[in-house]
Each structure stands twice: as C-alpha cells, then as structure tokens.
Amino acid sequence: MSELCIPRALDRHLVSTAHAAATAGDFALGAFDAVVEQITLALRDQGAGRADVEAALRDAFAGLAYPYQRTPVADRYARLEERAVTLAAGAAAGRG
C-alpha cells in the first residue's frame, strides 16, 4: 500500500472534534462521527482497505491521546478510538 494521507483539513477537524468529545462530553459525538466518516471515505478513495483505514485511525489516535495518557481523559480517548474504528468498519461494509 502506498502512503496514505488523512487530508490536512480533516486531520484538523479530527483533532478538534476528538478533543471536544473527550473533554466536553457526548454532545460533540455527532461532529466526531461525521469527521471519522469523511476520513474513512478519503482514505478509501486513496485505495485503502479496511485494515489500512483502521491502522491510519489508530496511528492518528496514538498522537491525539499521547498528551492525555496519564490523565482521566485517556480512557475517553481510548473509547473514541474504538468508536472511530467501529465507524470505519461500518462504512467499509456499507460500500461493499
């Protein structure tokens, strides 16, 4: 697989929506879900398979969650990562 790239604008939106969902609560989950779906579509358009998309999201979350690893927010980031992977898998299944 060639180098995959989460588009810069979507990366920024992922950072902001993940932070909002992790720190401010569930009201931000709708925006987070929408960004994850857009990232999944963008990566699929680059030729990524399900495993590639999952790996890209896990890599992104490794960086997103790092500053919070020793705080109570770390658990929330872990749950958001799993939510993102689940959403990506559902989007992949939906596209056939």
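Read the figures in this text as sums done on the coordinates, not as results from a lab. All values derive from a computational prediction rather than experimental measurement. Glycine also receives a Cβ, built like all others from the backbone with ideal geometry; neighbour counts cover every protein chain displayed.
Suppose each label sits 7 Å from its Cα in the direction of the beta carbon; what would the ARG8-ALA51 distance come out to in nanometres?
Between ARG8 and ALA51, the simple spin-label model gives 3.2 nm.
Which entry in (i) 1.02; (ii) 1.13; (iii) 1.55 matches Cα Rg over 2.2 N^0.38 Å derived from the coordinates of this structure?
The value computed from this structure is option (i).
Where nothing but the Cβ of Lys and Arg (+1) and of Asp and Glu (-1) is charged, how large is the charge dipole of the chain around its Cα centre, in debye to the nearest 20? Write down the numbers at each step before the final one.
On the way: 10 positive and 12 negative charges, 20 e Å.
Dipole size: approximately 100 debye.
At 0.36 nm per residue, and after removing the present C-alpha to C-alpha distance, how many nm does the segment from ASP33 to SER16 gain when stretched out fully?
This chain segment gains 4.9 nm when fully extended.
Using the basic label-point model (7 angstrom from Cα toward the beta carbon), what is the ASP26 to THR71 distance in nanometres?
That separation, rounded to one decimal, is 2.2 nm.
Just want to confirm a number: the relative contact order over the chain, from Cα pairs under 8 angstrom separated by 6+ residues, in percent. Walk me through the intermediate numbers first.
Values: 70 pairs, mean separation 32.4, N = 96.
Dividing the mean separation by the residue count of the chain yields 34 percent.
Net charge around GLN46, counting only other residues with Cβ within less than 10 Å of its Cβ (Lys, Arg = +1; Asp, Glu = -1)? Before the final figure, lay out the partial values.
Details: positive: ARG44; negative: GLU3, ASP45, ASP52.
Summing Lys and Arg as +1 and Asp and Glu as -1 gives -2.
Could you work out the helix-only [θ] at 222 nm for the chain, with each DSSP H run of four or more residues adding -39,500 (n - 2.57) and the total divided by the number of residues, to the nearest 500 deg cm²/dmol? Walk me through the intermediate numbers first.
Details: 4 runs with 72 residues, N = 96.
Calculated at 222 nm, the ellipticity per residue is -25500 deg cm²/dmol.
Take the alpha carbon atoms of segment 46-62, find their center, do the same for segment 1-43, and report the distance between the two centers in whole angstrom.
12
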